[in-house]
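Reading through the structure tokens given below for one structure.
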Amino acid sequence: MRSIGAGAAGLQLLLKMIRDPFFKEKSILVLDKDEKSTNDRVWCFWELDETKWGQIATKTWSQGLFINPEQTLDFDLEPYRYKMVRSANFYLHTKGELAKAENVKWVKDEMVEVNDQDIKGSSVNYHADHIFDSRIPPTFHVKQDDYHSLIQHFKGWLDR
Ligand SMILES: Cc1cc2nc3c(=O)[nH]c(=O)nc-3n(C[C@H](O)[C@H](O)[C@H](O)COP(=O)(O)OP(=O)(O)OC[C@H]3O[C@@H](n4cnc5c(N)ncnc54)[C@H](O)[C@@H]3O)c2cc1C
């Protein structure tokens, strides 16, 4: 099994796989062009209860504040919490979990070409029974006119 892309999708999948007895005897290779050691993004999300991501969350909010020229609303987010996970913490946490699994190997390499069971890396070729490629296919952007595009922008301040 080869997994290309150690981002949110690839790593979430790997965490599930190393906890599933089905994959215990399989050898898994993770291929990513980056080390995944810098904070390249931040994930914010809502949660009802304390979960595994709570322990790596940098910040958890229980209060919300809405301000416009007419009013100011200070409100309780109960029963939800809004949480922020820095990707660097997620990568570190996941790498720690993967290091405990003897059947997982991580290789830094840039994939040039991927076919059904073969991957051409920058200087090495790889073969696998199954390949999970989490990169966004180039055709997605080419066909962008078929869909409504939403460009998201955040404006605000960070409470340190
Ligand atoms: C600024 C920002 C804020 C965001 N905030 C939120 C948020 O608050 N909540 C939320 O849910 N989502 C948020 N998102 C969206 C979320 O981050 C992405 O949807 C998610 O990270 C995508 O994960 P992925 O695994 O699909 O892709 P990625 O995380 O991009 O992973 C793809 C991986 O493939 C690797 N790769 C690419 N090409 C190659 C190659 N040729 N060879 C080898 N490896 C390769 C890359 O290095 C990368 O590690 C945000 C995104 C951004 C940019």
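None of the figures in this text is laboratory data; all of them are computed from the coordinates on show. Just so it is clear, the model here is predicted, and its values are computed rather than measured. Every residue, glycine among them, receives a Cβ derived from its backbone with ideal geometry; neighbour counts consider all protein chains shown.
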What FRET efficiency do you get for Asp20 and Phe66 if R0 is 45 Å and r is their Cβ-Cβ distance, rounded to the nearest 0.05?
0.60
q = 0.14, 0.21, 0.22 Å⁻¹, the stretch 2-139: log10 I(q)/I(0) [Debye, one scatterer per Cα]
-0.75, -1.27, -1.34
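Suppose we keep just the DSSP beta bridges with both residues in the stretch 2-139; what percent of those would be antiparallel, to 5? Let's see the in-between values first.
Values: 19 of 30 bridges.
Here the share of antiparallel DSSP bridges comes out near 65 percent.
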Under 17 Å by backbone N from the virtual spin label 7 Å along Cα-to-Cβ at Phe75, the residues of the stretch 13-51 are 46-48
Residues of the stretch 22-38 with the amide nitrogen closer than 20 Å to a label point 7 Å from the Cα of Ala99, along Cα-to-Cβ, please.
28-38
So for the stretch 5-53, taking the charge dipole from beta-carbon charges (+1 Lys/Arg, -1 Asp/Glu), which of Trp53, Gly7, Thr38 sits furthest toward the positive end?
Gly7
Once you put a point 7 Å from the Cα of Thr58 and another 7 Å from the Cα of Ala9, both along the Cβ direction, what distance in nm separates them?
2.4
